[in-house]
1. Given that compact globular proteins tend to follow 2.2 N^0.38 Å, what is the ratio of the alpha-carbon Rg of region 181-272 to that value?
2. Let's see if you can work this out: charge +1 on each Lys and Arg Cβ, -1 on each Asp and Glu Cβ, no other charges. What is the dipole magnitude of region 172-255 about its Cα centre, in debye to the nearest 20?
3. Show me, for region 67-83, the HN-Hα J-couplings you get by feeding each phi into the Karplus relation (A = 6.51, B = -1.76, C = 1.60, θ = phi - 60°), rounded to Hz, glycine and proline as x.
4. In whole percent, what relative contact order does region 173-323 give with Cα contacts below 8 Å and a gap of six or more residues?
5. Through the Karplus equation 6.51 cos²θ - 1.76 cosθ + 1.60, θ set to phi - 60°, convert the phi angles of region 200-208 into ³J(HN,Hα) values in whole Hz; use x for Gly and Pro.
6. For region 335-349, in order, what is each residue's ³J(HN,Hα) by Karplus, 6.51 cos²θ - 1.76 cosθ + 1.60 with θ = phi - 60°, in whole Hz (x at glycine and Pro)?
7. What nm distance separates the two modelled labels at residue 348 and residue 366, each placed 7 Å from Cα along Cα→Cβ?
8. Name the residues whose placed amide hydrogens come within less than 5 Å of the amide hydrogen of residue 377, ignoring near sequence neighbours (fewer than 5 apart) on the same chain.
Amino acid sequence: MTRLFAMAGYVYQSAAAIILIFAVSHLLPAADYTSFSLALASSQLLCVLMFEWLQLAGLRFLAAAGEDEAARLRWSLFAAGVSSAGALLAVGSCAFLASTLPAGIIALGLGISVLQGVTDLYFLTVRLSDRLGVASSLLALRATALLAGAAVGGRISGTAEAALLGIALGHTLGLVAGLIAYRTPLERASWQAMLADWKTFARYGMLAAGASVIHLSVPVLLRFIVIGRLGATGAGAGFSIALDLLQRPFWVLNAAIHTVSYPEVVKDFERGTVTKSVQSARRMFEFMICTTLVLLGGLVGFIPDAARILVPRESLDGFLTTAPMVAAFYFLHTHLQATVAVVPHLEKLATRLVVVAAGQLAIVAAIALAAVWAGLSPRQAVGCASLATLATILVALGPTLRFEAFPRWSLVAQALVAAVLIGSLGTMPTEPPAWLAGKIVIAAIATALVGWRGDFLMLARRG
C-alpha cells in the first residue's frame, strides 16, 4: 500500500503542476508568462547544474549503504549541498548580469534554484531512510504549496515576479515541513572523511549530473530557438505552455518510478545475484516503458479537450498545433535520459552518459536550427528534434542490451495498444458530457488493465 500511496502522490504532483501552468498562463499576460516560463526553466537548469550531482551520488551510494555509513554520508551530502548553494548564488549572480531579464526575476530565479535543490536533497534522504510514505506526503504538500503560491501571486499582482515569489515560498514551506516531519539521522564526519566522501560523490556524481544538465539543456535550447523566431506573441506563449505543461507528467512519472523502484535495483545490483539484479532491472524497464506509453496516449487523447477550456484564447492555436509533437518529444527524451541510462548508472559509466547527452544536444541543436532556418513550423522543428532523440536512443542502447534485462515484449505491446486506443479518443466529441465521461471510463479501464497485467505495484498476482 505504501508503494500505491507513493505513486498516487506523484500523480497528484503531476496534476498540480499541470494546473499551475494553466492557472499562471491565465493570470499573466502573454509577455509576462513568457518571462515567467524562461525564468523558471533557467532556474531548473541551474538547480540541476549545482545539485543534481549530489542527488545522483546520494541515490547511488545511500541506497546501498549500511545504517552507520548512511548517517555519515548524509552529513557529507548536506555539507556539500550548502557549499553548492553558496557557489550558485555567487556564480549565478555574476552570470545573470548579462541577462536581459529584470533584476527581480533574476534574483527570484536564483532563489528558487537554491530552495528547490536543498529541499529535493532533504526529501531524498527521507526516502532513503525507508520513509517512502513520508517522502511522498512531503512532495505532495510542496506541490500544493507551489500551486497555491504561484496562483495567489499571479492573482494579486499579475506579474511574473509575483508568480515566481509564490514558487519560492512554496519550496520554503516544503523544506520547513520536511524538517518538522522527519529528522534524518546524521553522524558528524571528520574533515578528512567528508573530503573523501566528496571525492567519491564528485567522481561519479558530477559526470552523471553533467549528463543531466546537458539533457535538460535540450528542451531549453529548443525553446530559445523557436521563441527566437516567434517572439513574445500568442503563438510563442502557446508553444511555451506546451513545453512547460507536457514535460511535467513525464518528469513526475519518471521521478515516481525511480523513487519507488531504483533503490531496490541498486541494492540488488550491489548485493544480490546476477539473476536477481537482471530481474529487478527488467521490472523497472517494464514499469517505465508501459506507463509512459499509456501517459503519451492520455496526453494526446485528453489534453486538447482540456486546452480548449483552460488555455488562454490568444495562445490556444499555438498550443494545439505543437502539443502532440511536444508530447512525443518528451516521451523519447524521458527514455533517453532515464531508461537508457539505468544500466550505465549501475555500472558507474558516467563518462558514457555525458557523451550520449552531448551527442543529443549537438544533433538536436543542429537539426532545430536548420529547420527554423528553412522556414519550417514549430511543430515540424519539434518533430525533427524528436527524430534526432530517437536516433540517439538507438546509438546509446549498447550497455542495456548487454545487460539483457529485456522487458516482456507482450506486455509492452499491450501497453502500446492501450496507448493507441486512449489517444484515438481525442477524435471523439466531448459534448454532451456523457461522451466525455465515456472516454474517461474507457481510458481508465485500459490503464487499469495494463497496470494489472504488469503487476507494477505488486498488488496483483500474475496468472
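The values are calculated or read from the model by the stated rules, or taken from the named source; none is laboratory data. Given the structure is predicted, the values throughout are model-derived calculations rather than measurements. Here the Cβ is made from the backbone with ideal geometry for all residues, glycine too, and neighbour counts use every protein chain on show. Note: areas computed on protein heavy atoms with side chains; ligands, DNA, RNA excluded. Shrake-Rupley method; radii C 1.70, N 1.55, O 1.52, S 1.80 Å.
1. Rounded to two decimals, the normalised Rg is 1.62.
2. Details: 7 positive and 3 negative charges, 17 e Å.
In debye, rounded to 20, region 172-255 gives about 80.
3. Per residue, the Karplus-derived 3J(HN,Hα) values read 4, 5, 5, 4, 4, 5, 5, 4, 4, 5, 5, 5, 4, 5, x, 5, 5 Hz.
4. 33 percent
5. 5, 4, 5, 4, 9, x, 5, 5, 4
6. So the J values, rounded to whole Hz, are 6, 5, 6, 10, 6, 5, 8, 4, 5, x, 5, 4, 8, 6, 8.
7. 3.4 nm
8. none
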